Amino acid sequence: MKKRVVVGLSGGVDSSVAAYLLKEQGYDVIGLFMKNWHDDSVTISDECPWLEDSNDAMLVAEKLGIPFQTVDLSEEYKERIVNYMFREYKMGRTPNPDVLCNREIKFDVFMKIALGLGADFVATGHYCRKGTFEKDGEEIYQLLAGKDPNKDQSYFLCQLSQEQLSKTLFPIGELLKPEVRKIASEQNLITAEKRDSQGLCFIGKVRLPEFLQQKLAPKDGAIVEVPASFSEYKLKTPTFSSEEEKLEYLSAKRKYSQTDGKQVGIHHGAHYFTKGQRKGLAVGGTKEPLFVIDTDVEENVIYTGQGKDHPGLYRRGLFVKNEEIHWIREDLKLTEDQTMEVMARIRYRQPLEKATLHCSVSGLYIIFDNPQSAITEGQFVAWYNGNELLGSGVIS
């Protein structure tokens, strides 16, 4: 019996080639397009509307001679992803819907539908790889970075479980993007030259303030510029009575008040902004561009600093609460007081940085060798050993 694979055909070149390769490898392949969004009023309409995508996915399936259907997951998407985004922004955090979308939609709701169709595996067009080996008589699955260093998407899958990985295939993980495009054009697939989709998982490019204004009303507040000479930045590192106290200090988020700087402008809602953001402040006349160094949604104030080297942007550590720690490699999970040297990143495409994990009773401290810019609450930190992603967590 041929093994059956359901491919999430998105209407892009990567999933098209994934489906082609699986068919070549002798799998019984079914193409499934996920429709996750209805509201075109907040998308920039000519960017990746779902109709065009589902049409392209259908034409690819036709070309490959595989069955195809569309599933409407917009209810689940709204409930699990869109509502989560509103909640996070309202609390002044910056969510990562793409990571959530993989955990909650593609590898949960979608996977259940696929298994219901008798699938042995689901496959996606992600640039990452899966490893497998045996340990103490048990099969262990690894999530490995994609071969193409410019396209590695392992970070977006940092919340997957052993169970999910066991049923997943990543057919293009060993390929470079130009090779994927070449295969698509050799096979005359309509998606061969199609631009990569931008913006939100499944939604396309969204005008974020307009998107958020559906639930979070605009409210004018002060933009305060904190000078690089602010006295708090000059304080000497104190002496610590315990290791935990030191970790807490290195991970602590600075607290600002309006008297720490001068007002330089007005914004229309602190919850529309995120740390490290430069665009959208609409404040001129500064020597260097202003960057958001913090937001206070309670007081509705945005704190900014001049230049990307402003000391307010940097810190060495972050903290992940116990309930938000996720190990893909559960067999490597740390216990209290254990440490582990890793490479870590706090956003997609960021080069991996040397860091140490410290497991405490309340959660996980991650201390980087070098200070990191714009560590942002609500985003995911992912940690690696070589090219294997071991685990991740929500920055608290």
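Summary table
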{"quantity": "Scan of the range 234-251 for residues that are free of Cβ contacts under 8 Å to residues at least 12 places away in the same chain and part of a loop (DSSP other than H, G, I, E, B), ordered by number", "calculated": "Leu235, Lys236, Pro238, Thr239, Phe240, Ser241, Ser242"}
{"quantity": "Looking only at the range 73-117, and only at residues there that are within 13 Å of Trp37 (Cα to Cα) and among the acidic types (Asp, Glu), the one that is modelled with the highest pLDDT", "calculated": "Glu76"}
{"quantity": "Any hit, the range 99-121, residues being assigned to a strand (DSSP E or B) and under 26 Å from Asp196 (Cα atoms)", "calculated": "yes"}
{"quantity": "Exclusive hit being touching a residue at least 60 places away in the same chain (Cβ under 8 Å) and closer than 14 Å to Gly8 by Cα, set Asp53, Asp98", "calculated": "Asp53"}
{"quantity": "Residue that is at pLDDT below 95, touching a Cys at 6+ places or on another chain (Cβ under 8 Å), assigned by TED's automatic domain parsing to the domain that holds Val60 and of a type in the set (D, E, K, R), where the choices are Lys205, Lys194", "calculated": "Lys205"}
{"quantity": "Those residues of the range 20-48 which are hydrophobic (A, V, I, L, M, F, W, C), over 20 Å from Asp108 (Cα atoms) and at pLDDT 95 or above, in sequence order", "calculated": "Leu21, Leu22"}
{"quantity": "Pick from the range 18-39, criterion part of a helix (DSSP H, G or I) and over 23 Å from the mean Cα position of the chain (by Cα), ranking: surrounded by the fewest Cβ atoms within 10 Å (Cβ to Cβ)", "calculated": "Glu24"}
{"quantity": "Of all residues in the range 364-396 being in a loop (DSSP other than H, G, I, E, B) and of a type outside the set (Gly, Ala, Ser), the one that is surrounded by the most Cβ atoms within 10 Å (Cβ to Cβ)", "calculated": "Ile375"}
{"quantity": "Complete set of residues in the range 139-168 that are in contact (Cβ under 8 Å) with a residue 24 or more places away in the chain and of a type in the set (D, E, K, R)", "calculated": "Glu139, Lys147, Asp148, Lys151, Asp152, Lys167"}
{"quantity": "Residue within the range 295-310 that is modelled with pLDDT of 95 or more and under 21 Å from Glu244 (Cα atoms) present", "calculated": "no"}
{"quantity": "Residue among Tyr272, Tyr314 that is farther than 24 Å from Ile366 by Cβ and either among the aromatic types (Phe, Trp, Tyr) or buried (at least 17 other Cβ atoms within 10 Å of the Cβ) (or both)", "calculated": "Tyr272"}
{"quantity": "Count - residues of the range 237-255 that are over 14 Å from Leu318 (Cβ atoms) and either touching a helix residue (DSSP H, G or I) at 6+ places or on another chain (Cβ under 8 Å) or among the aliphatic types (A, V, I, L, M) (or both)", "calculated": "3"}
{"quantity": "Residues being hydrophobic (A, V, I, L, M, F, W, C), under 17 Å from Leu22 (Cα atoms) and not in a helix (DSSP H, G or I) - total across the range 177-191", "calculated": "1"}
{"quantity": "Residue that is surrounded by the fewest Cβ atoms within 10 Å (Cβ to Cβ), among those in the range 136-165 that are within 17 Å of Leu332 (Cβ to Cβ) and among the hydroxyl-bearing types (Ser, Thr, Tyr)", "calculated": "Ser161"}
{"quantity": "Qualifying residue in the range 154-170 (condition: more than 19 Å from Phe107 (Cβ to Cβ) and either more than 16 Å from the chain's Cα centre (by Cα) or among the β-branched types (Val, Ile, Thr) (or both))", "calculated": "no"}
{"quantity": "Scope the range 59-98; condition of a type in the set (Ser, Thr, Tyr), in contact with a Lys or Arg (Cβ under 8 Å, 6 or more places away or on another chain) and more than 30 Å from Tyr303 (Cα to Cα); matching residues", "calculated": "Thr70, Ser74"}
{"quantity": "Top-ranked residue in the range 291-317 [being out of contact with any His (no Cβ under 9 Å at 6 or more places or on another chain) and among the hydrophobic types (A, V, I, L, M, F, W, C); ranked as nearest to Leu357 (Cα to Cα)]", "calculated": "Leu313"}
{"quantity": "Selected residue [under 17 Å from Leu247 (Cβ atoms), among the basic types (Lys, Arg) and surrounded by fewer than 18 Cβ atoms within 10 Å (Cβ to Cβ)] from Lys279, Lys354", "calculated": "Lys354"}
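The values are calculated or read from the model by the stated rules, or taken from the named source; none is laboratory data. Everything numeric in this text was worked out from a predicted model, so none of it was measured. Here Cβ is always computed from backbone atoms with ideal geometry, including for glycine, and neighbour counts include all displayed protein chains.
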